[in-house]
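First the structure, in the form of C-alpha cells, and then the observations on it.
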Amino acid sequence: MLDTQQKTKTYQTYIDGKWVDAASGKAFETLDPYTGESWALIPECDDTDVNRAVEAAYRAFETGSWPNMTPTMRGKKLRLIGDLIAKHSEHLAGIEVRDNGKLISEMAAQTRYMPEWFYYYGGLADKIQGAVVSVDRPEHFNYILREPVGVCAFITPWNSPLMLTSWKLAPALAAGCTVVIKPSEYTSASLLEFMRLVIAEADIPPGVVNVVTGFGAVAGEPLVKHPKVAKIAFTGGTATGARVNALAAQTFKKVSLELGGKSPNVVFDDCNLEDAVSGAVAGIFAATGQTCIAGSRLLLQETIHDVFVEKLVAMAKQARLGDPSKPETQVGPVTTPPQYEKILSYIDIAKAEGCTCVLGGGPATKEEGGGRYFVKPTIFTGVDNKMRIAQEEVFGPVLSVIKFKDEEDAVRIANEIAYGLGAGVWTQSVKRAHNMARRIKAGTVWVNTYRAVSFLMPFGGYKASGLGRENGAEAIDGYLQSKSVWINNGPGGGNPFIMKTAG
Ligand code: NAD
C-alpha cells in the first residue's frame, strides 16, 4: 500500500525506456481530493517531451523488435503484463484512491479485473488474420494483410485513469502498435506507477510505451498534431473531443473518441422495485456520479413516481460519505476543484429552473462525512427533459427525475438528447426489454442492471458520445489497417491506358 505518511513524492516520466524529468525541468502538484492537499510532483511536459516520446515510439515501430516479434510472443508479453497488474493490483488501487479520490472498494475491484484485458487481447494477438481472396481474374493470387497502424497516442481523463488506459493499451499492443500516453493532469500518478511496476518490469522494449504527463493544451495538443502519430484514442469531455477530432483531421489521423453522456435510466411500473431503486442509486451515486455512463436522467413511469422517489431518497440518504480509502465509504470526494465548482453551479441552475430538490443540494460538511471537495448526493424532481439540468452533463452526484407516461413517451424522452452512451431499463417484461434495447439510441443498454462492463462487450457512444468502440473483439480493428496485395501469376500486357478491371 501507499505510504500516506510520506510528504511530497516526486515522479519522473517514462520515455524511450528511461525515467526522465520534463525537458523544461518544470513539475506540477497533484492533489489528494479528500484532504485537498498536494501529495506529489508530476513532470510538466511540453512539445519537446512530446517530440521525444513520439520519435521514440516511431523508432520502436519502424526499427524496433516489437512489431517484428511474432504475434504469439507479443501475446505472451501481454499475459505477463496481466500477471504483473494482478501482483500489484492493491498498490495501484491505493495510488488511484489517493490521487483520484475513488473508493478503495471500487478501485480494488477495478485493478483486480484489469488483467483480463491483457489476457484477452494477448490471446487475440496471434489470431489476427488476413484473408486470401478469390479475385475475379485468372492467374491472380490476392490476399489481405492486417497491419498495425503505427504510433498511437492515448489521451485519458481523470476518472478511472488506469482502467481506461488498459482498454486502449491492450488491443494496441496486441496489434503491434507503439504508444504515447498523456494522462489527465489531475491523475497521472497511477499510470507512472503502472509504468514502473508493470511495463518496465515486463521488459517491454524501449519506446513501445511512453508517457508524457502535463496539461491538455501544452502536452495534449502537440501529440494530436504530431505528424508521426497515426492514431488518437481519446477519452474525455465532448467539447475537448471535438477539438481533438478537428486537429487530428488536419493530418488525417485515425481517431476513436469516448466522450460524455447523459444517460437515461428508465423505470417501468412492472419492474422489481427494490432492484430498480438500487439500480438508480448505482447509476448516479456510485463513483460520486463522476462516470461517463452515469444514469443521470432517471425516467420514472408516472404510476410509480411518488413511491419510487420516496424509496430512492430513503436509500440515498443512507449513503456513507467519507474517506475513500476506508472500505465502508460509499460516496467519496469530487476529484478536481474545477469539477467541484461545476457541480455546485449545476445545482444552482436546477434550482433556478424551478426543479424541486428532494435530497442534498450543496456541499457536504465535515459532520456529514465530507472532506475538502464533497457534494451531497442530490436529487431533483419535477425536471423537464428540455431543461439544462436534463440536457447537460454534470459529472457529479446530481440526479434529474423525469416523469413519463408510457413506452412511447419513455423512448422519446430517452432519445431527445445530444448524447448516446448508456441507458438502463427496469422491467419484468421480456418483450418490453427487447423493444427498449432496440429503440434507445445508445452504445450500451443495461436491462435490470446498471454500470456493468466487461472486456468482452463493445463499449462506446452513439451521437455526441463518441466514435468507435473499445473492448470486445472489434476493438483491435481500431489499431489495424488492411493492405490488399495483388500477385499476377499470368501474362502481363493489355492496354496500358485503361484501368485493369475484370470486364
Ligand atoms: P477533458 O476533456 O477535460 O480532458 C480529457 C483529457 O484531454 C485530459 O488528459 C486533458 O489534459 C486532455 N486535453 C484537454 N484539452 C486538450 C487539447 N486541447 N488537446 C489535447 N488534449 C487535451 O475531460 P475530463 O474532465 O478529464 O474527463 C471527464 C469527461 O470525460 C466527461 O465528459 C466524461 O463523460 C468523459 N469520459 C468519457 C468516457 C467514455 O468512455 N465515453 C469515460 C470516462 C470519461
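The table for this structure:
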| read-out | value |
| --- | --- |
| Amide H within-cut-off set for F404, under 5 Å, with H built and near neighbours excluded | L300, Q301, E302 |
| Under 5 Å, built H, 5+ apart or other chain: amide partners of I181 | F154, N210, V211, V212 |
| Stretch gain in nm, segment E310-K225, where the contour uses 0.36 nm per residue and the Cα spacing is subtracted | 25.4 nm |
| Difference of contour (0.36 nm per residue) and Cα-Cα distance, E37 to T251 | 73.0 nm |
| Assigned charges on the beta-carbon of Lys, Arg, Asp, Glu; the chain dipole about Cα centre (debye) | 1000 |
| Volume per residue that the Cα convex hull of region 413-503 spans, once the total is divided by residue count, Å³ | 220 |
| Sparsely packed chymotrypsin sites (Phe, Trp or Tyr not before Pro) within region 179-227, loop by DSSP, other Cβ within 10 Å at most 15 | F215 |
| Nearby lysines by direct alpha-carbon distance to K87 (threshold 22 angstrom, same-chain neighbours under 8 apart not counted) | K76, K77, K102, K168, K326 |
| Solvent-accessible area, 1.4 Å probe, carbon plus sulfur percent, for the chain | 53 |
| Computed log₁₀ I(q)/I(0) - Debye formula, equal Cα scatterers, no solvent, region 173-297, q 0.09, 0.16, 0.18 Å⁻¹ | -0.39, -0.91, -1.03 |
| Kirkwood-Stokes translational diffusion coefficient of region 1-133, alpha-carbon pairs, 37 °C, 0.692 mPa s, µm²/s | 186 |
| Region 345-479 - share of DSSP beta bridges that are antiparallel (%, nearest 5) | 40 |
| Extent along principal axes [Cα atoms of region 322-462; Å; largest to smallest] | 48, 39, 26 |
| Residues of region 370-503: accessible area per residue with a 1.4 Å probe, Å² | 48 |
| Spin-label model distance (nm) - F215 vs I498, 7 Å beyond Cα toward Cβ | 6.3 |
| Cut-off under 5 Å, modelled amide H: who pairs with I232 long-range | A153, K254, V255, S256 |
| Using alpha carbons only: equivalent-ellipsoid semi-axes of the chain, gyration tensor based, whole Å | 41, 30, 19 |
| DSSP-defined beta bridges in region 318-411 - what % are antiparallel, rounded to 5 | 50 |
| Among beta bridges that DSSP assigns inside the chain, antiparallel share in %, nearest 5 | 40 |
| Centre separation in Å (Cα based) which lies between region 266-293 and region 75-122 | 26 |
| Estimated FRET transfer efficiency (N68, N489; beta-carbon r; R0 30 Å; 0.05) | 0.60 |
| Area projected by the alpha carbon convex hull of region 385-449, averaged over all directions, nm² | 4.6 |
| For region 227-259 and region 350-365, distance of Cα centres in Å | 36 |
| Region 1-99, accessible area per residue, ligands and nucleic acids excluded (1.4 Å, Å²) | 48 |
| Loop sites in region 449-503: trypsin sites (Lys or Arg not before Pro), DSSP, at most 15 other Cβ within 10 Å | K500 |
| Computed [θ] at 222 nm, deg cm²/dmol, the chain (DSSP H ≥ 4; -39,500 (n - 2.57); rounded to nearest 500) | -10000 deg cm²/dmol |
| Label-zone membership for region 36-67, site D83, 7 angstrom Cα→C-beta point, backbone N under 11 Å | none |
| Phi to ³J(HN,Hα) by Karplus 6.51 cos²θ - 1.76 cosθ + 1.60 over region 30-39, Hz, x for Gly, Pro | 10, 9, 8, x, 6, 9, x, 9, 6, 10 |
| Extension gain (nm, one decimal) between N142 and K351, 0.36 nm per residue minus Cα-Cα | 68.7 nm |
| Accessible area of region 155-313 divided out per residue, in Å², using a probe of 1.4 angstrom | 26 |
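The values are calculated or read from the model by the stated rules, or taken from the named source; none is laboratory data. The structure presented is a predicted model; accordingly, all values stated were derived computationally and were not measured. All Cβ positions, glycine included, derive from the backbone under ideal geometry; neighbour counts span all protein chains shown. Ligands, DNA and RNA are excluded from the accessible area calculation, which covers all protein heavy atoms including side chains. Shrake-Rupley method; radii C 1.70, N 1.55, O 1.52, S 1.80 Å.
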